[in-house]
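What follows is a set of notes on a single structure, which appears directly below.
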Amino acid sequence: MLTKSSPISTQSNLFHSELFSQLDVKDPLIQLANTINWTVFDDAFEQHYSQNNGRPSKSIRLMVGLLLPKKALKRDNRYQQDKKRKLCKRRAAIEPIIGHLKSDFRLSRNLLKGQVGDEINVLMAACAWNLREWLVIATIFLFWQKLGLFFVKYLRFFVVLDKKQFC
């Protein structure tokens with residue numbers, strides 16, 4: 001991308017050479033930059049920046065839709081406090097589950113390729129998590145039934161098979 005600098009230069013600054021003298025016009029990135037219509041990008045991003053100081057009018061996390069739960073302030077109204085409380089509860093509830101999925105169900109290691117592979121890996125880890133929960137519930141149920149602590153009152157939910165049906 002950079003060309004060899006010429007030994008004779010007509011620049012006023014001794015430490016920095018002119019940018020355009022260092023760039024090669026045949027470089028594909030320079031050709032791409034010359035073909036892009038930059039006014040379209042300027043118009044699209046103009047609404048997110050203020051005219052006074054060039055800084056974003058909204059913070060980046062609001063532009064991308066990322067809301068981090070924060071402590072409720074005194075100036076917050078009831079709705080804002082409830083919203084922050086709900087976000088904190090939801091985040092606190094899901095973080096340990098994601099940690100268990102990463103460590104116990106191999107969510108941290110993905111051997112499948114691409115975004116579809118990532119989605120398949122997450123679904124398989126979630127299925128393994130649900131299957132484990134069902135097995136824990138089934139073992140508790142069978143343990144209680146073996147001890148006689150759990151009695152089945154209604155047998156209509158269970159299918160009773162006769163030997164005559166199979167003979």
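Some notes on this structure:
- Difference of contour (0.36 nm per residue) and Cα-Cα distance, Ala93 to Leu123: 8.9 nm
- Whichever aspartates and glutamates have a C-alpha closer than 17 Å to that of Lys102, once near sequence neighbours (fewer than 8 apart) are set aside: Asp118, Glu119, Glu133
- Surrounding net charge for Ala33, when Lys and Arg each add one and Asp and Glu each subtract one, Cβ distance under 15 Å: -2
- FRET efficiency estimate (nearest 0.05) - Cβ-Cβ, Ser21 to Phe41, R0 35 angstrom: 0.85
- Fewest-first ordering of Thr35, Thr139 by other beta carbons within 10 Å of each residue's beta carbon gives Thr35, Thr139.
- Our estimate of slack between Ile140 and Lys102, defined as 0.36 nm per intervening residue step minus the Cα-Cα distance, is 11.1 nm.
Every number here is computed from the coordinates shown, using simple stated rules; none is lab data. Just so you know, these numbers come straight off a predicted model, no measurement behind them. As a convention, Cβ positions derive from the backbone with ideal geometry for all residues, glycine included, and neighbour counts pool all protein chains shown.
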